[in-house]
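Each value in this text was obtained by applying a stated rule to the coordinates, not by laboratory testing. Computed from a predicted structure; not experimentally measured. Here the Cβ is made from the backbone with ideal geometry for all residues, glycine too, and neighbour counts use every protein chain on show.
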Amino acid sequence: MNTSKADIKPNHGLIEESLQRLQSIQEIFKGEKWLTAEILNQLQEEPPSNQSLPADDWKQQGRIFSVTFEGKEYFPCYEFDAAYQPFPLIRDVLAAFGPVADTWKIAAWFHYPNGWIVESGDKGIKPIAPKDALDRCDDLMKALEKRKGTYVS
């Protein structure tokens, strides 16, 4: 079967989906503080001589995750404590997530408010983002369990 470029029709649904994904990625990236491996290295009490460390080791050990934005690797700041060491909870969350080909899915899960993680306020109960509930391990793990088998992040 011979088809020319003129015969190929754009799939508007896929184009729209790609644009929405790009908008989400930009929103997530602008809404967080991000660190490169080099900056994370410099923030260590005793920085290793290899500037990709300790980030590469931590990532390989499943203690943190990264995303790629405009060709560069970044780590969300909320993964780390005040001494820029990974929060142990991040490893648990990543293990519960399981293998993920697109780490922006993990970043989106942390970034957007989650109906399974709520807090009370002046205006009643409202969902909060997992990144804002890192002190609530049980709630995060329950939210991850509820996520399984759904299409939502």
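Observations on the model:
- Against the main long axis of the alpha-carbon atoms of the chain, helix 12-30 sits at an angle near 20°.
- Which of I28, I90 has the fewest Cβ neighbours within 10 Å, and the rest in rising order: I28, I90
- Values of log10 I(q)/I(0) for the chain across q = 0.13, 0.14 Å⁻¹ run -0.69, -0.77, by the Debye formula with one identical scatterer at each alpha carbon and no solvent.
- The E119 and S24 beta-carbon pair, evaluated with R₀ = 30 Å, returns a calculated FRET efficiency of approximately 0.80.
- Measuring gaps between exposed loop sites in the chain (GluC sites (Glu not before Pro); DSSP loop; at most 13 other Cβ atoms within 10 Å), the longest gap, sites not included, is 71-153.
- Taking region 14-147 and dividing mean pair separation by its residue count, relative contact order in percent (alpha carbons under 8 Å, at least six apart): 18 percent
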